[in-house]
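The values are calculated or read from the model by the stated rules, or taken from the named source; none is laboratory data. The shown structure was predicted, so the numbers you read here are calculated from the model rather than taken from an experiment. Neighbour counts run over all protein chains shown; Cβ positions are idealised from the backbone, glycine included. All accessible areas refer to the heavy atoms of the entire protein, side chains included, with ligands and DNA or RNA removed. Shrake-Rupley method; radii C 1.70, N 1.55, O 1.52, S 1.80 Å.
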Amino acid sequence: MYFLLLMKPPFAAHTPSKDSDTWHELKFHLNKVAALTKRFAEKFGAGELGHYAGLWHDLGKYNPAFQRYLEQCNAASQTGDAEPRDRVPHAIYGAILADEICPTVAPLIYGHHAGLPNYSDLDSILGNFLEESRNEANYQRVLNLASHEIETDPKQNFETHLESLGDDSFAREVFDRLLFSCLIDADRLDTEAFDNPEQADIRKIERPQLQQLWQTFDRKQQEFIKEKETQNINSSVFQVRQEVYTHCLRSALQEPGIFRLTVPTGGGKTLSGLGFALKHATHHNETKSELEINFERIIVAVPYTSIIEQTIKVYRSVFKEQFGENSVLEHHSAVRSDLQAEQQPNEEKQEELDESAKRAQRQARLATQNWDAPLIVTTTVQLFESLFSHRTSKCRKLHNIVGSVIILDEVQTLPIALRIPICSMLQELVKRYHVSVVLCTATQPVLEGNNGYFQGFDSSLIYDVIPREDVTEHFKQLRRVTYNLSSIQTKTRWSWTDLASKLSTHEQALVVLNTRKDALRVLDALHVQTPDTLDSSWIEDKVNLTLQHCPILHLSTLLCGAHRQTVLDEIRDRLRQNKHCLLVSTQVVEAGVDLDFPAVYRALGPLDRIVQAAGRCNREGRLEVDGVKFAGQVTVFELEEGSIPKKGSEYAKATEITNSLLQQATAEDLHDPTIFQAYGRSLYQIEHPDKHKIQDDRAEQNYRKVSEKFKLIEDETIPVVIRYNQAVQELLDEIRDRGLLSSDHRALQPYVVSLRQWEFQKHRNSILEWQPNFYVWDHDKSYDPIRGLPLMGDPSDAILLPVELLTSF
């Protein structure tokens, strides 16, 4: 112990890492964090502020009491004893100094471990701390000791750095969030370099630059076009996709701003949107002035896991051959891991794993912490809840949003009740941080304008990627379905038997219900039964055996992700081979799921949901008889005993508006994009676009309150792991023995069903708490290979938008 203390510098930032006797010297840590924070913040003109935020963030570690605490922690690690219970606060000292000299960085320093505080609370927190004479004496002692090693009295006016923001409270709030992000990332990176140099080394990876991605993308697109031309393919779908792509490249030359990309389903939005982003970024990087920021990354945010998986598959088909797995960074809860490979039962098989692949996986996991990658695919939940969060882990990545092109796919799914905060945040990023935003959808909402109900984007910042007259023409050209609205317009409600009878007349058809309960009732009406002879003990095997015998399939969030994927694969095989295929589904199938049925039935719901469901019908325009093409059939219906949306909910209001519109609409109207503008305006008039008054708290810089209020998923859920196969069980056994690691969440995500609070409580006796706040479904025999978890039998089943698919650990 004495020898180890001799090796300790007078002031240390961190105790020696495992297998090392070297202490992390405090002055080196502070100077390195200051340099990193400055470099990150220079992108938006805040380098000096960043320097001092980094230099002072651990000022309190000059407190002799904190140094004794570190010595006790180190001694405990050497003997295997527990660390001392009483921690010594250190962040508050740097916050007090900053509050005297540069108040802007005070809350950032104070929150660099615990998260950003409410600004309204900070004065009292700092004042109360200094009221105790002991603390005041400690503070003066800390300043005196620190002043011998670092600068604690800079002679400059920091407020000049903030003059460009003026009196705009929202501009100040966004600025502080980004500067906080710079500090957090710098602190974590330097600490990692000391504590875990192997991991820090893995983080260093040569990723392709945007220019390289664009060159590869452009070459692949040209090769694809030439191939289609050689094949003499001249379909309307191909023509529209080519026109969309051409418009995207042309509009990419516009100045940075907010771009609306309106493309009908099947019009090639996924690739054309990426083409726009890459061309836009590289063009402006080549033509920018010396004072302008470079575009450094593309961020694609999508609302549903089904879209994420398909989007990443499309992107990797373009880039993987040349740039490998790390060409696309996935950051979402449903990232698939090769659990079977990672959990081999013996060492011989374990050695067969590709070490480079494992390293690539670790690199990807590390990059998700700070989005240090050129092409990122994430969720709308991850993007926006990070932008409005007070937590360090979520805020860490924010500075890397500066100089990016953000593609928001299916933008119409953003909750109306959060539109003002979202639009305000996006406008500020565009205005001051060299960000361009692409709003992608087939049902473009009305976002510009300022009226009594909705404060939208500044119209001077908005560009239409495709002229509106061309959008209308594209919708006409891609008209591949006929809408049947007779049931709605005659106000004829169907019984479960009526619906089952109509479905039974088809060889191939999809029906989309609003709730899981309704989907199960349709399965009952169709007399779907699970085969009795299923000998296997594993759910995965039972699912595979069942799919061999059951002509009617089911998709909903009662099935874990791996189960849903297996069902989707089976559906595609049956459709491709023209086999009998009836699918009963909830909204999980409506967006981003590449299915192509000749007939689709959709229960009455919001207009954009109906149109999304129609996108699963005759998707490729291939229906024909004797060489004559014909349209797919999309039937909208209402049920006698269907689930009723919660009164006053956004879903209920949207359904009411849709019902009213459809009463007067013709089948042709649903092929006209202007109907979505009328629909959007009606929605905005009955739902307040800042329902939770988030803007009030943003104006006061009350970060914790904002974080608590801003929830894209209001009905929070609890993830429960399904013991789907042997590999899952083996990992669970490991977790029971060694404890839970963050990587375990990722590995198990495809085997999770998320339960709402009332579902969790109702079935609590069937759920094991495997580790604290980590749950496993106990009765695996009750998991049905067709219906999934047996959660029904409740008096109601709340209608949720499919964002519930994004709920994660």
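Things to note:
- Figure legend. Inter-residue proximity from the stretch 308-325: first residues under 14 Å from residue 298 (Cβ atoms), second residues of a type in the set (D, E, K, R) and part of a helix (DSSP H, G or I), beta-carbon distance below 7 Å, spacing 6+ or different chains. Indicated pairs: 318/220.
- Being exposed (fewer than 15 other Cβ atoms within 10 Å of the Cβ) and either on the phi < 0 side of the Ramachandran plot or in contact with a strand residue (DSSP E or B) (Cβ under 6 Å, 6 or more places away or on another chain) (or both) holds for only one residue in 641, 656, and it is 641.
- Search result, residues across the stretch 762-778 that are touching a strand residue (DSSP E or B) at 6+ places or on another chain (Cβ under 9 Å), free of Cβ contacts under 8 Å to residues at least 24 places away in the same chain and of a type outside the set (A, V, I, L, M, F, W, C): 766, 769, 773, 778
- The lone exception for residue 70 - which of (1) under 30 Å from residue 177 (Cβ atoms); (2) open to solvent by less than 40 Å² (accessible area, probe 1.4 Å); (3) not aromatic (Phe, Trp, Tyr); (4) not in a strand (DSSP E or B) it fails: (1)
- Lone qualifier among 171, 186, 146 - being crowded, with 23+ Cβ neighbours inside 10 Å, small (Gly, Ala, Ser), within 20 Å of residue 433 (Cβ to Cβ) and in contact (Cβ under 8 Å) with a residue 24 or more places away in the chain: 186
- Subset of the stretch 25-61 (residues that are in contact with a Pro (Cβ under 8 Å, 6 or more places away or on another chain) and either open to solvent by less than 10 Å² (accessible area, probe 1.4 Å) or in contact (Cβ under 8 Å) with a residue 40 or more places away in the chain (or both)): 26, 52, 60
- Index of the failed condition, residue 238 passing every other in (1) open to solvent by 70 Å² or more (accessible area, probe 1.4 Å); (2) at pLDDT below 85: (1)
- Screening the candidates 246, 265, 282, 270 for the property of being open to solvent by 60 Å² or more (accessible area, probe 1.4 Å) and among the polar types (S, T, N, Q) yields one hit, 246.
- Within the stretch 609-631, restricting attention to residues that are in a strand (DSSP E or B) and in contact with a Phe, Trp or Tyr (Cβ under 7 Å, 6 or more places away or on another chain), the residue that is nearest to residue 586 (Cα to Cα) is 617.
- Complete set of residues in the stretch 157-168 that are open to solvent by 60 Å² or more (accessible area, probe 1.4 Å) and either in contact with a helix residue (DSSP H, G or I) (Cβ under 6 Å, 6 or more places away or on another chain) or of a type in the set (S, T, N, Q) (or both): 157, 160, 164
- Subset of the stretch 302-325 [at pLDDT below 90, crowded, with 21+ Cβ neighbours inside 10 Å, closer than 22 Å to residue 369 by Cα and in contact with a helix residue (DSSP H, G or I) (Cβ under 7 Å, 6 or more places away or on another chain)]: 303, 304, 305, 311
- Single match in 216, 265, 246 (criterion: in a loop (DSSP other than H, G, I, E, B) and β-branched (Val, Ile, Thr)): 265
- Residues in the stretch 769-809 that are of a type in the set (Asp, Glu) and part of a helix (DSSP H, G or I) were compared, and the one that is modelled with the highest pLDDT is 780.
- Only one of the numbered conditions (1) touching a residue at least 60 places away in the same chain (Cβ under 8 Å); (2) closer than 29 Å to residue 779 by Cβ; (3) assigned to a helix (DSSP H, G or I); (4) aliphatic (A, V, I, L, M) is not met by residue 499, and that is (2).
- The residues in the stretch 541-585 that are within 21 Å of the chain's Cα centre (by Cα) and closer than 18 Å to residue 617 by Cα can be counted, and the count is 0.
- Only residues that are farther than 26 Å from residue 161 by Cβ and either touching a Lys or Arg at 6+ places or on another chain (Cβ under 9 Å) or of a type in the set (Asp, Glu) (or both) were counted in the stretch 85-117, giving 2.
- Candidates in the stretch 518-573 are the residues that are part of a loop (DSSP other than H, G, I, E, B) and hydroxyl-bearing (Ser, Thr, Tyr); of these, the one that is surrounded by the fewest Cβ atoms within 10 Å (Cβ to Cβ) is 533.
- Taking the listed residues 141, 87, the one that is open to solvent by 80 Å² or more (accessible area, probe 1.4 Å), over 28 Å from residue 432 (Cβ atoms) and assigned to a loop (DSSP other than H, G, I, E, B) is 87, with no other qualifying.
- Residue under evaluation residue 343, criteria (1) open to solvent by 20 Å² or more (accessible area, probe 1.4 Å); (2) modelled with pLDDT of 90 or more, criterion not met: (2)
- Filter result for residue 623 (surrounded by fewer than 24 Cβ atoms within 10 Å (Cβ to Cβ) and at pLDDT below 90): yes
- In the stretch 664-720, the residues that are open to solvent by 50 Å² or more (accessible area, probe 1.4 Å), closer than 30 Å to residue 773 by Cβ, touching a residue at least 40 places away in the same chain (Cβ under 8 Å) and in a helix (DSSP H, G or I): 704, 705
- Residue within the stretch 738-754 that is modelled with pLDDT under 90, closer than 25 Å to residue 588 by Cα, part of a strand (DSSP E or B) and under 26 Å from the mean Cα position of the chain (by Cα) present: yes
- Here is the figure for the stretch 731-756: residues that are over 27 Å from residue 115 (Cβ atoms) and surrounded by fewer than 16 Cβ atoms within 10 Å (Cβ to Cβ) total 5.
- If only residues of the stretch 436-482 that are assigned to a strand (DSSP E or B), farther than 25 Å from residue 274 by Cβ and at pLDDT below 75 are counted, the one that is farthest from the chain's Cα centre (by Cα) is 450.
- Selection within the stretch 588-602 - open to solvent by 10 Å² or more (accessible area, probe 1.4 Å) and within 29 Å of the chain's Cα centre (by Cα): 588, 592, 594, 596
- Residues in the stretch 122-131 that are closer than 28 Å to residue 29 by Cβ and open to solvent by 50 Å² or more (accessible area, probe 1.4 Å): 125 alone.
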